[in-house]
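In what follows, a single structure is set out as structure tokens and then discussed.
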Amino acid sequence: MSVAARRSTTRSAAMFERIQRSVAGGESSYARLRSGIELCIARTDGPRMWDVDGNEYLDYCLGYGPLLFGHHPPDIVAAVVEQITERGYHYSFPHELDYEVGEALQRLVPGIELVRFACSGTEATMAAMRLARAYTGRERIVKFEGSYHGWSDIHNISYHPALGFGAGTDTAPAPVPDSTGIPRAILDTLVIQPFNNLEVLEHTLRTRHFEIAAVLMEPIIGNCGIIPPLEGYLQEVRRLTQEHGVLLIFDEVMTGFRIAAGGAQEHYGVVPDICTFAKVLGAGFPIACFGGSAQVMAMEATNQVMHGGTYSANPLALAAANAVLRRIERERATMYPALDRLSRRLQDGLLKVVGTAGYPCLIQGVGAFFQLFFLHEPRTRLVDYRDVVRHVRPEVYEAFHEEMQSRGIYFHPGQYERWFLSTEHTEADIDDTVATAAEAIAAVVDRIPPHPRGD
Ligand SMILES: Cc1ncc(COP(=O)(O)O)c(C=O)c1O
């Protein structure tokens, strides 16, 4: 009997059914709500999780990205436990960790001269957008199709336009709400652009700069698979925004501390006016921040723009962030190159086994996060959202996921998501994953032919 066939998830299924009786849909985030494949987790350790049926999984989802040091790393746990037991976990007054974390962020992130703390990436990016509007006195914000910045009304537009092409044309995408319940008036506050297209952006900024407060971007799109910027693209976006007096916001919620100690802005050498961080910053504890130049952040310092929150700068989350940033400062010289090497080993291995099975495929990523795309035909690069939608085969990815999960390797089931690595994955883990992928892809070939268009 194969390893896959021995696994049972009956307890997960029963528990999930029970959860659904009190929790709408059984999940408290739209992104996790996918009926039929839910695993209920009993415990985790390092790069591994165990479900309530006792099945072990090597985890490449890592809590949707925050767990750069794996599940509950001892140093982060110790810092948080000490904070709770020795000093308390909620003050709503200034405290030592405010400057400890604030100063570490100033040291690490090129674009942070002043910072404010929040509790989630959604909040931090909302605050950044409001700050840009307040600072410039303009209302519209440029956003890129396929980028995700949170689930609130103000930015939940044209992220996955119903997983199709959305509205408008390739070079002039029209805004599409990602959810029912979003007022139509919001659509008019965003200008949607194709990523990696300087010509279109240049035209937009030249003709509409007087009404545009900021260009808001994931410097590497991580929310429709992974789409890195083309060579020189971010540098040109910086130049164009400066030339037209428009602010540049980098949403580094996913890239921050994951690809480099100073995020994508350090990696590409492009400093935005405002930037946001979350995920790795708290290593799983709910903390986020937004920061920027002292000049722009003066609006916050003088309360000319409103930002608040009962739990903003909560000492428990800041204790976690402090431990995360200390560790990054201590280990950055060896940690990021080691993550890059592990990631490369895994990417090479996956490409080899998937390619050998006959599926055209492509991996795009930077450092410790990447996505494997199953394609209709070979391509060397996917450069924007529509490129991804046009060329991928999500049904093959989902089948591959299913075969991997049933063999103990977990990554998010969606083709529009991605794989994350942690410092706790080892070369042996990577090699096991590749060996499992060879088995899994053989099972996928039996289900879905590699060349659906008859070539
Ligand atoms: C780039 C980006 N920005 C913002 C967010 C929202 O962060 P949160 O889920 O912490 O609200 C996410 C979440 O995945 C993200 O990937």
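The values are calculated or read from the model by the stated rules, or taken from the named source; none is laboratory data. Note that the structure is predicted; figures quoted are calculated from it, not measured. We place every Cβ from the backbone using ideal geometry, glycine too, and count neighbours over all the protein chains shown. These accessible areas exclude ligands, DNA and RNA; they are computed on the full protein's heavy atoms, side chains included. Shrake-Rupley method; radii C 1.70, N 1.55, O 1.52, S 1.80 Å.
A few remarks follow.
- Residues listed by number, region 225-254, amide nitrogen under 19 Å from Arg344 label point at 7 Å toward C-beta: 228
- Förster-model FRET efficiency, 22 Å R0, Leu230 and Arg206, C-beta, rounded to 0.05: 0.60
- Dimensions in Å of the chain - Rg and Dmax from alpha carbons: 21.9, 67
- When both bridge partners sit in region 74-329, DSSP labels roughly 45% of those beta bridges antiparallel.
- The calculated FRET efficiency for the pair Arg326 and Tyr99, based on their C-beta separation and a Förster distance of 22 Å, comes to about 0.95.
- Protein accessible area in the chain, 1.4 Å probe - carbon and sulfur %: 53 percent
- Taking 0.36 nm per residue of sequence separation and removing the Cα-Cα distance, the Asp432/Leu187 pair yields an extension gain of 83.5 nm.
- Seen from Arg116, the other residues with C-beta closer than 13 Å to its C-beta sum to a net charge of -3, counting Lys and Arg as +1 and Asp and Glu as -1.
- With a cut-off of 19 Å on the backbone N, the residues of region 107-124 near the modelled label site 7 Å out from Tyr91 along Cα-Cβ are 115-119.
- Given charges at beta-carbon only (K, R positive; D, E negative), |dipole| of region 155-302 in Debye: 200 debye
- Think of a 1.4 Å ball rolled over the protein heavy atoms: the chain then has 41 Å² of accessible area per residue.
- DSSP finds beta bridges in the chain, and of those with both partners inside it, around 60 percent are antiparallel.
- Difference of contour (0.36 nm per residue) and Cα-Cα distance, Val23 to Asp170: 49.0 nm
- Relative to the Cα centre, the charge distribution of the chain, modelled as +1 at Lys and Arg Cβ and -1 at Asp and Glu Cβ, gives a dipole magnitude of about 420 debye.
- Taken about its Cα centre, region 74-329 carries a charge dipole of about 280 debye when Lys and Arg each add +1 at the Cβ and Asp and Glu each add -1 at the Cβ.
- Within the chain, helix-based [θ] at 222 nm, where runs of 4 or more DSSP H residues each add -39,500 (n - 2.57), nearest 500: -12000 deg cm²/dmol
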